[in-house]
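The values are calculated or read from the model by the stated rules, or taken from the named source; none is laboratory data. Keep in mind it's a predicted model, so treat the numbers as computed, not measured. Cβ sites come from the backbone with ideal geometry, for glycine too, and all protein chains shown count toward neighbours.
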Amino acid sequence: MTNTINTTTELGNKTNKQALRKIRTKIIGAENVKKRIESGKTQTQHEDPFQSLAAIEDIIEPPFDMLALTMLPEQSSELYQCIEAMKINIEGFGHRQKSRFRADDPKVKDAEPVPEPLRLESEKERVYLLNFFEYATEESFIEFRKRLRQDLETTGNAYFEVIRNVKNEIQSFKHVPSHQMRLSRQEDNLTEYDRPILELQIDGSIKIKKVKQWKRFRRFVQCTQFYQTTTVTTTFQKRWFKEFGDPRVLHYETGEYLGSEEGPTFIKQEHRANEIIHLKLYSSRSPYGLPRTIGNLLSIFGDRASEEINYTTFRNNNIPSMLIMCSGGQITEGTVDRLESFVESTIQGSDNYSKFLIIEGEPDKEFGDEAGQLRLTAQPLTKEQHNDALFQKYSENNQDKIRRVFRLPPIFVGRSDDYTRATAEASRRLADEQVFAPERDEFDKLVNRMIYPEMGIKYFRFKTYSPNTTDSEQLVKILAGAEKTGGMTPRIARMVLTDILNQDIQDDFQDDFPMDVPFSLTMAEAVKNKADPSEPGQQVTALKAIQERPLIDQLLEVRKALEDEWLEE
């Protein structure tokens, strides 16, 4: 039974690869092949650089052609918009560093203030993170994440290289195109390594603890192509990487570990392989990921085929605007030749609809009273011509299938003709809750669980910004209701504004200001103790009393001294 399943899987993978390679050849275009033939250059496609590695079972071939999957957005009028919507709404709003201190959490009652040395160390860490992410990638970090999302949605896989300095500290990241990467098989033997994890303590502090674990690591290989313009020769550059967390030293050219039987005894720093972090859309049948659109390949290429038919129909004018009908005679051979040449060279094309041709004919009988009368009649066919695109319903259904696989509302791809404001707001909130927010959380967990512990970051968490999908009117009502019932405090209000406005509000309250007491209660207490009941603006007086308490106390002392002096007199 197992052998049957394996055979079926291999046949399915082979069929998928052959189909996509044919599609890729079609995508590249017959024009380029034609030009090569006319120029005398070979049209033979270059050998896959990964075939030699797959032959010796050094790598695992993906179930689909990665280059063909990468080129899918170029062939669809709907797929590109869907991927752009995913990129913008998941990765396009930036990120911030969120403090881990429980003393700043309003849920923790009677939390002790953070000690000054700990707070100073936290501030240094925050500044370090700001500087690190400013130059961690060649492009901006937002653009870096967008490229990862582009690869993840088109091929189901995304890779980025982790670069360390001579002190073995993480220095930067580099995006690696997914179609250039392949996975090796997992090793048979387990490797012991130290995994750093963060432990939250009861007092609110955080410690980094290294845990001994065992894991079967795998290697990664990248192949890039270099074309020479003068010849058709193509060369490939191969480079190996090790999996993130692998403590061993790997040679980036040979793919051999330090200390292995065939490997070298020493590897220079510049020859050591860097680490790779592999992101994927999980597939249970392959170590590679599969894109969301893998079940809609026929819809993508069917929509493309319908557009090509429409373009060909429009371009070639398949149904002419009229017919020339001859009766009582015949058209001369020269006219027939001119008609054929005219149709092939002139009528085809949208710019030639107004051109015409003069034709001539001759009757059947040239002499006698019964000589025929030649009649040439032009029969219009404008009613028979297509006045609109073909397969519109079919194309619309295909586009809906492609969009639904991303679970995107139509408004995100520009279809908003029948949308009201309420419907648009509901669609935005639903898409952010069900699609975009979970994807943002996945990347945040990757950084917080894998990268930050390796960097020694203890006091902050990576948090991706989200768009403001909150209804402002409803938010005001909620906050006002919570304030009246005593559920809203200045600290909670500060946290709500930070999340909604996507801005870090660093300004601290005054030392003697009660942050965990509802502001209405603070105002009432101030009015009761400090305000003059006869003054119309009691709240203004109370606020002045809170902010200028030493001055008020001095004035009260002066008043009391004057009263005592008056009583004595």
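If you go through the stretch 422-446 and keep only what is among the aliphatic types (A, V, I, L, M) and surrounded by fewer than 18 Cβ atoms within 10 Å (Cβ to Cβ), you end up with Ala422, Ala424, Ala426, Leu430, Ala437, Leu446.
Of Glu138, Glu153, Glu125, all but one fail to be out of contact with any Gly (no Cβ under 8 Å at 6 or more places or on another chain) and not in a helix (DSSP H, G or I); the exception is Glu138.
To keep it simple, each residue is scored yes or no on (1) of a type in the set (D, E, K, R); (2) farther than 20 Å from Ile451 by Cα; (3) modelled with pLDDT under 90.
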residue: His179; (1), (2), (3): no, yes, no
residue: Glu187; (1), (2), (3): yes, yes, no
residue: Glu192; (1), (2), (3): yes, no, no
residue: Lys210; (1), (2), (3): yes, no, no
residue: Gln213; (1), (2), (3): no, no, no
residue: Arg216; (1), (2), (3): yes, no, no
residue: Thr235; (1), (2), (3): no, yes, yes
residue: Arg239; (1), (2), (3): yes, yes, no
residue: Lys242; (1), (2), (3): yes, no, no
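Note on the stretch 62-102: among residues that are of a type in the set (Gly, Ala, Ser) and free of Cβ contacts under 8 Å to residues at least 60 places away in the same chain, the one that is surrounded by the fewest Cβ atoms within 10 Å (Cβ to Cβ) is Gly92. His175: in contact with a Leu (Cβ under 8 Å, 6 or more places away or on another chain) and not in a strand (DSSP E or B), yes or no? No: the conditions fail for His175. If you take the residues in the stretch 149-166 that are of a type in the set (A, V, I, L, M) and surrounded by fewer than 23 Cβ atoms within 10 Å (Cβ to Cβ), which one is farthest from Ala136 (Cα to Cα)? Step by step, filter the stretch 149-166, then rank; the result is Val166. Summed over the stretch 271-330, the residues that are of a type outside the set (Phe, Trp, Tyr), modelled with pLDDT of 85 or more and not in a helix (DSSP H, G or I) give a count of 18.
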